[in-house]
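Peer 1: Dropping the structure in here first, questions after.
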Amino acid sequence: TNVPSPLPSPAPSLVPTSQPTSSPTRPPTALPSLPPSPRPTGAPSHAPTASFAPTTGTKRPTLAPSPLPTLAPSPVPTFDPVPGVTVEAKSDPLVVYEAGPNSTNFFKIRLDSMPLSNVTVSFYSARSLVTIDPKRVVFTWRDWRALKRVRVAGVYDPIDQPVDHSWDQLRLEVSSPDSMPDCLASGRPNCGLGALYGAADFPLPRVNLTVVDTDKSAVLIDLLAVAAAEAGRSPLNATYDNFGDPLTAARYLVKLASEPTAPVVVTVGGLGAFAAAHPGNVTLDASNWADGVPVEILASAPTARRPVCRSGGRFCPAMVAARLLNVTHSAASSDVNYAGLAAQTFQVRASVVYDAAEPPAVAGAAQFADTLNSLAVTLDSATDLGGLRGVFPCQRLIALSTAELASLLGLGAACRWASAWKLKVVLGSGATVLPGDALPLYDLTLKAADPGASLFATNQSFTVAPPARPVSPSAALGTTC
């Protein structure tokens, strides 16, 4: 019997398993996928086949392909930039002062991520105790990593506050247009990687501050300001003249170290009986506390007698050359910082300025004119004329009553200065003055011609002397018709 040779196994068909087979009786049974048989190295690779025993008269089933696994796509990484601001400061809180070399401090600021558009960071003081420079900074996509420096300074408050330290805080505000079209239009790279700073809601840092109050309550005595204003003349020296009266004042300024919350009255004292302050009370308030109020110390000779020297001359034991005055100050105010405060005590030197020469005195006798109608009174130095000019009543200089002058010098007598050191007395009708008569001059009337002279001629009088070459009277007899 001829045995039929086995038919080759057909290749697997790519028809889906749900598709009906060509068998009229039943659908084919799907066979499980078999792993490929190992092959020698270098052997050609063939698709796996299945061997079936021959079946006479039976059509072989068609094999369905093994389903291939479906691979899920790998996730693509995404970039989501997060906006943020970083502040770097030397300390927390940052310390600033109201005034002085330590009044300024600083901090630095940067962005945490590249922005889509320019970002503006503005700064605001919670209590307005500091100034900020600059008040805002701008970051771009190029410099967002760069630290930018912001200066903070204490606001000068001239009032001595109850506490020496105050709290303040800087608050930040961020703004940005977040414009993708603008970014693309500018040709800038990486627009898609820019963070949104304008629309995003993210926490912002704050800068804590301690503001140190540098003001202190004190009554200040400013001597240098007055010295400079007066071209260097020492404000610590008060002078009086040879007569004993005040001449030049010691001047200074009374100021306050800080602005008071109520008027402060400063009283000047400690001067004694022969010196005085003008004004004696100084009122300082918010309008003048810094500029101050000028005070003058006037001193006189330490005796009530005028002139100091009984002789009327320049020198005597009572004319003390110099002495020191202690000047004190005390403050009164409803401002508790200034109530009862005392200023520094300092000394003023009170000294005499002597006249350049002794006062004028009568030199010799008052001589009759040769015509016997006038008298000439000569003094030993030029005088200030006693302030008298032209012809004036002799009673202004000669210390006699009106009746005595009329009897001695006659009715209508008058005086005038012939020169700065010679007085001419013109006799009037019925004069009875004779050689040897003494006529006194008023004290405290005549001074030396020097403008700086202070001493007056005192205890001066003149005695009438006969003329040098008298004119003898002659009698003439005649007849009358």
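Peer 1: Of everything in the stretch 435-446 that's in contact with a helix residue (DSSP H, G or I) (Cβ under 9 Å, 6 or more places away or on another chain) and of a type in the set (A, V, I, L, M, F, W, C), which residue is surrounded by the most Cβ atoms within 10 Å (Cβ to Cβ)?
Peer 2: Residue satisfying both the conditions and the ranking: 446.
Peer 1: Kindly evaluate residue 214 against the criterion of being over 30 Å from residue 357 (Cα atoms), open to solvent by 40 Å² or more (accessible area, probe 1.4 Å) and at pLDDT 95 or above.
Peer 2: For residue 214, the condition - over 30 Å from residue 357 (Cα atoms), open to solvent by 40 Å² or more (accessible area, probe 1.4 Å) and at pLDDT 95 or above - is not met.
Peer 1: From the residues in the stretch 160-183 that are of a type in the set (S, T, N, Q) and open to solvent by 30 Å² or more (accessible area, probe 1.4 Å), which one is nearest to residue 119 (Cα to Cα)?
Peer 2: Start the filter on the stretch 160-183 by keeping residues that are of a type in the set (S, T, N, Q), which leaves 161, 166, 169, 175-176, 179.
Now narrow it down to the ones that are open to solvent by 30 Å² or more (accessible area, probe 1.4 Å): 161, 166, 175.
Numbers: 161: 39, 166: 32, 175: 6 Å.
Only one residue tops the list, namely 175.
Peer 1: Moving on. Would you confirm whether any residue within the stretch 297-318 is of a type in the set (Ser, Thr, Tyr) and under 25 Å from residue 340 (Cβ atoms)?
Peer 2: No: zero hits.
Peer 1: Among (1) in contact (Cβ under 8 Å) with a residue 40 or more places away in the chain; (2) buried (at least 17 other Cβ atoms within 10 Å of the Cβ), which single condition is residue 409 missing?
Peer 2: Of everything listed in (1) in contact (Cβ under 8 Å) with a residue 40 or more places away in the chain; (2) buried (at least 17 other Cβ atoms within 10 Å of the Cβ), residue 409 misses just condition (1).
Peer 1: Only one residue in 241, 245 is of a type outside the set (A, V, I, L, M), crowded, with 19+ Cβ neighbours inside 10 Å and at pLDDT 95 or above, so which one is that?
Peer 2: Step by step, each of 241, 245 is checked, and only 241 is of a type outside the set (A, V, I, L, M), crowded, with 19+ Cβ neighbours inside 10 Å and at pLDDT 95 or above.
Peer 1: Give me the pairs: first residue in the stretch 377-388 and within 12 Å of residue 460 (Cα to Cα) and polar (S, T, N, Q), second residue open to solvent by less than 40 Å² (accessible area, probe 1.4 Å) and not in a strand (DSSP E or B), beta-carbon distance under 7 Å, and six or more apart or on different chains, which are they?
Peer 2: Cβ pairs passing all conditions: none.
Peer 1: Does any residue of the stretch 257-264 turn out to be within 25 Å of residue 354 (Cα to Cα), in a strand (DSSP E or B), under 35 Å from the mean Cα position of the chain (by Cα) and not hydroxyl-bearing (Ser, Thr, Tyr)?
Peer 2: no
Peer 1: Name the residues in the stretch 428-481 that are of a type in the set (Ser, Thr, Tyr) and in contact (Cβ under 8 Å) with a residue 60 or more places away in the chain, would you?
Peer 2: 454, 458, 461, 463
Peer 1: Any idea which of 293, 308, 268 is under 24 Å from the mean Cα position of the chain (by Cα) and modelled with pLDDT of 95 or more? Before the answer, list the steps.
Peer 2: On the way: 308 fails: under 24 Å from the mean Cα position of the chain (by Cα); 268 fails: under 24 Å from the mean Cα position of the chain (by Cα).
Answer to the check: 293.
Peer 1: Which of (1) touching a strand residue (DSSP E or B) at 6+ places or on another chain (Cβ under 7 Å); (2) buried (at least 20 other Cβ atoms within 10 Å of the Cβ) does residue 308 not meet, given it meets every other one?
Peer 2: Looking at each condition in turn, residue 308 falls short on (1).
Peer 1: Further, regarding this structure: For the stretch 439-470, how many residues meet the condition of being closer than 24 Å to residue 391 by Cβ and not hydroxyl-bearing (Ser, Thr, Tyr)?
Peer 2: Of the residues in the stretch 439-470, 16 are closer than 24 Å to residue 391 by Cβ and not hydroxyl-bearing (Ser, Thr, Tyr).
Peer 1: Same structure, new question: Hey, can you tell me all the residues within the stretch 265-278 that are surrounded by 14 or more Cβ atoms within 10 Å (Cβ to Cβ) and assigned to a loop (DSSP other than H, G, I, E, B)?
Peer 2: 270, 271, 274
Peer 1: Also, quick follow-up: State the number of residues belonging to the stretch 346-398 that are of a type in the set (D, E, K, R) and surrounded by 17 or more Cβ atoms within 10 Å (Cβ to Cβ).
Peer 2: Step one: of the stretch 346-398, the residues of a type in the set (D, E, K, R) are 349, 355, 358, 370, 380, 384, 389, 396.
Filter once more, so that each one left must be surrounded by 17 or more Cβ atoms within 10 Å (Cβ to Cβ): 355, 358, 384.
Counting residues in the stretch 346-398 that are of a type in the set (D, E, K, R) and surrounded by 17 or more Cβ atoms within 10 Å (Cβ to Cβ) gives 3.
Peer 1: Among the residues of the stretch 450-458, are any at pLDDT 95 or above, surrounded by 12 or more Cβ atoms within 10 Å (Cβ to Cβ) and over 60 Å from the mean Cα position of the chain (by Cα)?
Peer 2: no
The values are calculated or read from the model by the stated rules, or taken from the named source; none is laboratory data. Note that the structure is a prediction, hence the values are computed from the model and not measured. Cβ: placed from backbone, ideal geometry, glycine included. Neighbour counts: every protein chain shown. We work out accessible area using only protein heavy atoms, side chains counted, and drop any ligands, DNA or RNA first. Shrake-Rupley method; radii C 1.70, N 1.55, O 1.52, S 1.80 Å.
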